[in-house]
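Novice: Following this message is one structure expressed as structure tokens.
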Protein chains: 2
Amino acid sequence: MAPQISATQSRTEQGLLANIFLRQDTSAQPHMGSVQNVSQDREIFAEGDHADCFFKIVSGVVRTCKFLADGRRQIDAFYVAGDIFGFEAGEDYQLSAEAVTDCTLIVYRRNKIDALAGSDKIASHELLAFAMRGMARAQAHSLLLGRRSAMEKVAGFLLTWAQASANRKTVSLAMTRQDIGDYLGLTIETVSRTLSQMERENVIDLPTARQIRVRNLEMLEDMAA
Amino acid sequence: MAPQISATQSRTEQGLLANIFLRQDTSAQPHMGSVQNVSQDREIFAEGDHADCFFKIVSGVVRTCKFLADGRRQIDAFYVAGDIFGFEAGEDYQLSAEAVTDCTLIVYRRNKIDALAGSDKIASHELLAFAMRGMARAQAHSLLLGRRSAMEKVAGFLLTWAQASANRKTVSLAMTRQDIGDYLGLTIETVSRTLSQMERENVIDLPTARQIRVRNLEMLEDMAA
DNA sequence: CGGGATTTTGATTCCAATCAAGTCCGGTGG
DNA sequence: CCACCGGACTTGATTGGAATCAAAATCCCG
């Protein structure tokens, strides 16, 4: 199976990085990255596993998360088509990764990276840019979690997805309320109530639970504070 | 606002600094980094400033933070001697940086980095490692903020500093309760109450407000969940 | 010492969690 | 096609933990 990446490739920062690894990858060099399908809710890797691979998403949505002793789950990030995840500083994965939806992934062996980073000027530069943007993403998440109301968190979350969405008016959420709650540090009930309240205030429409139409973007931005 | 640095020294740094950037620097290359002193609570750079410099701490503590419209402040990170901060992916700083204590910093011009990253294998490799560690740090902060009790947050915070501290038994906090609260998403009252409760439970001693002696590390680790 | 900032402690309020029913699909089989 | 099932979601009532409001105690630093 030949990686079908062109459709999502041009997307954002990570597309740049992908160019490095994938520019010669049509099907002639399967060792550069093999394709793997993962079905919904399946684990891709677990916290503590040896991090010998990293992944690029062709299609689908992935979450990375940690599980606490008492069963609580915290989601660190969601990744969509074009994004790279599982790229670790140390030997082992610090987080687990799971498929939010059925996914198609390209798997890369990690050992190639060190070689590339040292030998290829452009590659090393873009690797650095990728890591820096990962840092910025994690920082943005921290800022979304600290001392903010449920309304501000949910509004911020929706804005992120609205911005990523091609059509800014309607956002399709691949994840459940539980996923959103575990990402924002809220319960499913609070997420649901907050969305309902936004609907009552004519900021959004909820045609279905997973479809969100932004009626008043400006008001939504104000809510995110 | 421009970096208001009560500054003076401009000697070359001699080895305290990033081994990568300066490993060949004995005294022959003063252009590599100048030294600056910043006094307590002074701003080092502001969110939105053009990010033409980054910094390495020789001594003192620095916080990076964001200010919300209503005056709330969120601290993203604390940096101590040896740490590098202000290293940005984009053109501008995403956060402000302020001196928690009087600080001595080494200032690097950012444009040198792109050159280094491309031309020097070892430098580019270590730059990448730095960025990846920054990502891991930001992720750890997110995990500390999401759906955790005040007790868990404060315990986690203390553990971080206890681990960094040479003598693990006594932690000297450079920052105020307000700083800790703004880092953990708690009020000063809650931070104070939580520390008091830990003292009542014989987990820590508080000889002074800023000195914390860990009496029962294991219990503290349990509290961090 | 003295005075202001920082920290601690106390009383009350409020937002989100928890507990508890419902409701709404989306799929499946009769 | 439709009735039913089960999971996901919404809504309601109550509780609980941290915020807020308020005041006292302590620590610096001159």
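The values are calculated or read from the model by the stated rules, or taken from the named source; none is laboratory data. None of these values were measured; they are calculated from a predicted model. No Cβ is skipped: glycine too gets one built from the backbone with ideal geometry, and neighbour counts run over all protein chains shown. Protein only, heavy atoms only, side chains kept; ligands, DNA and RNA dropped before computing areas. Shrake-Rupley method; radii C 1.70, N 1.55, O 1.52, S 1.80 Å.
Novice: Looking at the structure I just gave you, is residue B:175 more than 16 Å from DNA strand D (Cβ to nearest atom) and at pLDDT 80 or above? Spell out the reasoning first.
Specialist: Working: more than 16 Å from DNA strand D (Cβ to nearest atom): no; at pLDDT 80 or above: yes.
Criteria not met by residue B:175.
Novice: Hey, another quick one. Which pairs turn up if I take residues in segment A:212-225 that are within 17 Å of residue A:150 (Cβ to Cβ) and look for partners that are assigned to a strand (DSSP E or B) and of a type in the set (Val, Ile, Thr) with beta carbon separation below 9 Å, at least 6 apart in sequence or on another chain?
Specialist: From residues that are within 17 Å of residue A:150 (Cβ to Cβ), the pairs are A:212/A:170; A:212/A:171; A:212/A:204; A:220/A:204; A:220/A:214.
Novice: Residue A:195 - would you say it is in contact with a helix residue (DSSP H, G or I) (Cβ under 7 Å, 6 or more places away or on another chain) and more than 9 Å from DNA strand D (Cβ to nearest atom)? Walk me through how you get there before you give the answer.
Specialist: Values: in contact with a helix residue (DSSP H, G or I) (Cβ under 7 Å, 6 or more places away or on another chain): yes; more than 9 Å from DNA strand D (Cβ to nearest atom): no.
So residue A:195 does not fit the description; no.
Novice: Can you go through B:190, B:194, B:170 and tell me which one is of a type in the set (S, T, N, Q) and at pLDDT below 95?
Specialist: B:170
Novice: Can you tell me how many residues within segment B:91-102 are open to solvent by 30 Å² or more (accessible area, probe 1.4 Å) and in a loop (DSSP other than H, G, I, E, B)? Explain how you work it out, then say what you get.
Specialist: Filtering segment B:91-102 down to residues open to solvent by 30 Å² or more (accessible area, probe 1.4 Å) leaves B:91-92, B:94, B:101-102.
So of that shortlist, the ones also in a loop (DSSP other than H, G, I, E, B) come out as B:91, B:94, B:101-102.
Looking only at that region, the number is 4.
Novice: So is residue A:88 of a type in the set (D, E, K, R) and away from DNA strand C (no atom under 16 Å from the Cβ) or not? Walk me through how you get there before you give the answer.
Specialist: Details: of a type in the set (D, E, K, R): yes; away from DNA strand C (no atom under 16 Å from the Cβ): yes.
Against the criterion (of a type in the set (D, E, K, R) and away from DNA strand C (no atom under 16 Å from the Cβ)), residue A:88 qualifies.
Novice: Residues to consider are B:159, B:195, B:206, B:186; find the one that is away from DNA strand C (no atom under 16 Å from the Cβ), among the hydrophobic types (A, V, I, L, M, F, W, C) and not assigned by TED's automatic domain parsing to the domain that holds residue B:73.
Specialist: B:159
Novice: Show me the strands (runs of 3 or more DSSP E) found entirely inside segment B:109-225 where at least 1 residues are under 27 Å from residue B:55 (Cα atoms) and either within 14 Å of chain A (Cβ to nearest Cβ) or open to solvent by 30 Å² or more (accessible area, probe 1.4 Å) (or both).
Specialist: Numbers: elements: B:170-172, B:204-208, B:211-214.
Filter on segment B:109-225 gives B:170-172.
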